[in-house]
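Notes follow once the structure below has been shown.
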């Protein structure tokens, strides 16, 4: 019963000034119906939980708890997305025959939480996100290719994929508190460690298809990516951040070596955690046996070293650790591992020449290289016929049968060179937009490295390594698969949140001065 507090019509002073008697109002008929409906819904839910299989009941219970937690704290959803990115194929969601998984569901949940908070505050504010306009530039170039796309469905799937990345970047800037940035970075690295550990298990136990067999007794690591190259590429987008943070932690421990207290030991524990994570991830890159991942990682490490500088004590110590590790590997394997790596990398001369694949004799040793050259040749032919807007974004596979060379009729989904792939699908307009957007992001990150110090600078250096790996590895593959765009959006969003926070802090200090 609801007490509306209607007093009886009498003068309390006349009747001795006692307590005022309040009359409770009976609920109206529509309120009674509302209560009955809620009760019926709860009863149906309870019966469903009781009769449904245990796994469905558990999933519903956990899902409801996660949804409520994300609605209260939307940034928790970002941590879940960070962990779910590499494991998305394990949780498919067949929606209208689209390749959707748990990441789309989590993205919708976080977006709903963000919008709900805005509605509650009667103001949905689009945050200041400096890297938003390069993303919109790229989206505009992609949309321009839709009228001439060979398959509108494939084009729309690709546009949605990139739109999810742009949307997630904006949401990160809007809902991630600055003090939670380390949590998000930790979740990204934790996901990389889990994926690398899975790949190392596959490598050591020879679990995988026979075509992945290497060295007579191992299998190329592929994780949940089904292929070793994207697996190595994903780890290459995680390793530079872990290495840069480990490097910063090592330098911090060295500078504070004279302070032997709880704070120093916490710094040591943090540094060891970052270093252990980096070690596992780097081993996973090696186990992928992916030449593109190896070259990308080498380029990323060069960028990290140049940005950080060998002159720091942490850099010298890190170089010593890497040198000792390499010597141990060479000594343990008797040199055969080094010889195998040299043999693996020897075929890159054919890539550099961009030889006409029709003139090459195909052997077991050069088959992967000639296959990729055939894909490159087809992409170049598409670009030659459609130089301005291409065959439509996401339409390389749809157009490939018309451009396939003899003996190479099977499309691999993309051209195994993202720059040629972009030129074929979006023409000169799309390729230019992609290069301009990439250059803007690179310059923005480099400026953050110059302006920042300590942990934020280490994170920015790691992101610079990530972008370097992406740029180099994409010469031989396409890393924009299995939600790696969301991975990049989380990293760039975290940097943007730090940038806004540090700018506000600097302005406050300036005003106080």
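In table form, for the structure just shown:
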{"quantity": "Test for residue 94: is it outside any helix (DSSP H, G or I) and modelled with pLDDT of 85 or more", "calculated": "no"}
{"quantity": "Any chance residue 475 is surrounded by 22 or more Cβ atoms within 10 Å (Cβ to Cβ) and within 28 Å of residue 244 (Cα to Cα)", "calculated": "no"}
{"quantity": "Options 159, 181; residue that is crowded, with 19+ Cβ neighbours inside 10 Å and either in contact (Cβ under 8 Å) with a residue 60 or more places away in the chain or touching a strand residue (DSSP E or B) at 6+ places or on another chain (Cβ under 8 Å) (or both)", "calculated": "181"}
{"quantity": "Residues satisfying the stated conditions in segment 269-281, i.e. farther than 9 Å from residue 246 by Cβ and either touching a residue at least 60 places away in the same chain (Cβ under 8 Å) or buried (at least 23 other Cβ atoms within 10 Å of the Cβ) (or both)", "calculated": "280, 281"}
{"quantity": "Some residue of segment 110-133 being touching a helix residue (DSSP H, G or I) at 6+ places or on another chain (Cβ under 6 Å), loosely packed, with under 14 Cβ neighbours inside 10 Å and more than 30 Å from residue 244 (Cβ to Cβ)", "calculated": "yes"}
{"quantity": "Test set (1) surrounded by fewer than 17 Cβ atoms within 10 Å (Cβ to Cβ); (2) closer than 25 Å to residue 425 by Cα - residue 233 fails condition number", "calculated": "(1)"}
{"quantity": "Some residue of segment 212-222 being out of contact with any strand residue (DSSP E or B) (no Cβ under 6 Å at 6 or more places or on another chain), assigned by TED's automatic domain parsing to the domain that holds residue 295 and under 20 Å from residue 83 (Cβ atoms)", "calculated": "yes"}
{"quantity": "Residue in segment 205-219 that is under 23 Å from residue 295 (Cβ atoms) and crowded, with 23+ Cβ neighbours inside 10 Å present", "calculated": "yes"}
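Matching residues to (1) touching a strand residue (DSSP E or B) at 6+ places or on another chain (Cβ under 9 Å); (2) buried (at least 24 other Cβ atoms within 10 Å of the Cβ); (3) outside the structural domain of residue 143 (by TED's automatic domain parsing); (4) more than 22 Å from residue 385 (Cβ to Cβ):
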| site | (1), (2), (3), (4) |
| --- | --- |
| 407 | no, no, no, no |
| 427 | no, yes, no, no |
| 444 | no, no, no, yes |
| 481 | no, no, no, yes |
| 484 | no, no, no, yes |
| 503 | no, no, no, yes |
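The rows are residues; the columns are (1) touching a helix residue (DSSP H, G or I) at 6+ places or on another chain (Cβ under 7 Å); (2) closer than 30 Å to residue 76 by Cα; (3) at pLDDT below 95; (4) part of a helix (DSSP H, G or I).
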| position | (1), (2), (3), (4) |
| --- | --- |
| 139 | yes, yes, no, yes |
| 189 | yes, yes, no, yes |
| 204 | no, no, yes, yes |
| 208 | yes, no, yes, no |
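The values are calculated or read from the model by the stated rules, or taken from the named source; none is laboratory data. These numbers were taken from a predicted model, which means no experiment stands behind them. Quick reminder, even Gly has a Cβ in these numbers, built from the backbone with ideal geometry, and neighbours come from all protein chains shown.
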